[in-house]
Amino acid sequence: MQQIQDVVEFLEPRMSVRPEVAIILGSGLGAFAEKIDEATSIPYADIPHFQKPSVEGHNGHVIFGKVNGVPVAVLQGRWHFYEGHSMNSVVLPTRALAALGAHTLFLTNAAGGVNLSYKPCDLMVIEDHINFMGDNPLTGKDSVAFGPRFPDMSEPYCKECVVAIEASAERLQIPVQKGVYVGLRGPTYETPAEVRMLRTLGGDAVGMSTVPEAIAARHLGVRVVGISCITNMAAGIEKRTLDHAEVQEAAAQMTDQLSRLIMDALPAISTSAGARSGNPLKR
Ligand code: HPA
């Protein structure tokens with residue numbers, strides 16, 4: 001709680017807008033930041049308790065501004081559980097941006113395709129997730145300050161927002177998949193046997209992020225929207241090895257489509273009926 005207060009006290013006087021939607025950009029997707037009007041950019045290095053992302057492809061700025069008229073805070077890069085940070089630290093930006101007013105959290109990531117009907121460069125709107133990270137950001141006694149001990153997770157990803165994104169996708173003629181994101185701890189990519197298991201269990205895409213932030217946001221009553229960029233088919237599906245540089249390159253290629261989709265959908269998402277926050281941290 002003290003860390004969140006420190007972040008809020010630092011950011012509040014520096015932000016150009018009060019954000020309605022917080023957007024987290026995954027690996028290789030940082031170029032979305034070019035779409036932000038009236039932007040104020042603050043390096044993570046200046047923000048108390050913020051970690052400098054150690055992974056290539058994660059830039060490390062919070063940018064306040066407007067996208068298609070909607071006040072946003074964009075996190076250009078995240079830090080991950082596999083980097084050795086605690087779950088509490090991984091979700092600090094989520095909680096801080098919720099405290100600054102965001103009623104909706106828009107998560108993006110690079111992910112491997114598990115569903116055999118997917119192909120590289122598909123966009124997948126996240127409908128649900130499976131937490132296979134072996135931990136949960138709400139573990140421990142402190143998290144009850146933010147929300148209930150046993151939070152409901154029956155609508156982890158906002159259904160109304162999924163409909164808004166599908167409508168935008170149709171308008172823009174951008175094909176999208178819908179599916180279940182499985183969050184693993186990493187940092188190894190999966191084995192072929194693990195990918196078969198994930199498919200059997202109902203997973204459509206696999207990655208190493210997103211789940212902690214989604215859980216922390218739902219705990220606060222903040223709505224969650226997510227899009228995975230399927231940068232590659234998961235291990236064992238195609239006869240090739242996986243490589244972070246290639247994942248980043250594929251994500252960078254998808255940024256334009258992803259950006260257009262987010263821009264088009266944001267006004268409908270931010271004005272939809274569910275966009276009222278019960279967020280207990282909101283100031
Ligand atoms: N597995 C896990 N994480 C990923 C992948 C993958 O295949 N691609 C991009 N992020």
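Have a look at LEU184, LEU201 and point out the one that is modelled with pLDDT of 95 or more and either surrounded by fewer than 19 Cβ atoms within 10 Å (Cβ to Cβ) or away from the ligand (no atom under 16 Å from the Cβ) (or both).
Working: LEU184 fails: either surrounded by fewer than 19 Cβ atoms within 10 Å (Cβ to Cβ) or away from the ligand (no atom under 16 Å from the Cβ) (or both).
After ruling out the rest, the residue left standing is LEU201.
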Given the conditions (1) within 12 Å of ALA216 (Cβ to Cβ); (2) over 16 Å from the mean Cα position of the chain (by Cα); (3) crowded, with 23+ Cβ neighbours inside 10 Å, every one holds for ALA98 apart from (2)
Lone unmet requirement of (1) surrounded by fewer than 19 Cβ atoms within 10 Å (Cβ to Cβ); (2) among the small types (Gly, Ala, Ser); (3) in contact with a strand residue (DSSP E or B) (Cβ under 8 Å, 6 or more places away or on another chain); (4) within 17 Å of LYS159 (Cβ to Cβ) for SER272: (3)
Does PHE81 satisfy the condition of being of a type in the set (Phe, Trp, Tyr) and closer than 17 Å to LEU107 by Cβ? yes
Strands (runs of 3 or more DSSP E) within the range 65-160 that include 2 or more residues more than 16 Å from the ligand (Cβ to nearest atom) and within 28 Å of GLN3 (Cα to Cα): 70-76, 104-113
Quick check: anything in the range 59-71 touching a strand residue (DSSP E or B) at 6+ places or on another chain (Cβ under 7 Å) and among the aromatic types (Phe, Trp, Tyr)? yes
Restricting to the range 181-198, and then to whatever is in contact with a Leu (Cβ under 9 Å, 6 or more places away or on another chain) and of a type in the set (A, V, I, L, M, F, W, C), can you tell me which residue is farthest from ASP122 (Cα to Cα)? LEU184
Could you tell me which of the residues PHE106, PHE64, PHE150, PHE132 is among the hydrophobic types (A, V, I, L, M, F, W, C) and modelled with pLDDT under 95? PHE150
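Rundown of residues vs (1) over 28 Å from GLU166 (Cβ atoms); (2) touching a Ser or Thr at 6+ places or on another chain (Cβ under 9 Å); (3) surrounded by fewer than 21 Cβ atoms within 10 Å (Cβ to Cβ), yes/no style:
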site: MET87; (1), (2), (3): yes, yes, yes
site: LEU92; (1), (2), (3): yes, no, no
site: LEU105; (1), (2), (3): no, yes, no
site: LEU116; (1), (2), (3): no, no, yes
site: GLU127; (1), (2), (3): no, no, yes
site: ILE130; (1), (2), (3): no, no, yes
site: ASP142; (1), (2), (3): yes, no, yes
site: ALA145; (1), (2), (3): yes, no, yes
Residue list for the range 234-259, filter: under 30 Å from VAL163 (Cβ atoms) and touching a helix residue (DSSP H, G or I) at 6+ places or on another chain (Cβ under 6 Å): ALA234, THR255, SER259
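The values are calculated or read from the model by the stated rules, or taken from the named source; none is laboratory data. Predicted model only: the values in this text are computed from it and were never measured. All Cβ positions, glycine included, derive from the backbone under ideal geometry; neighbour counts span all protein chains shown.
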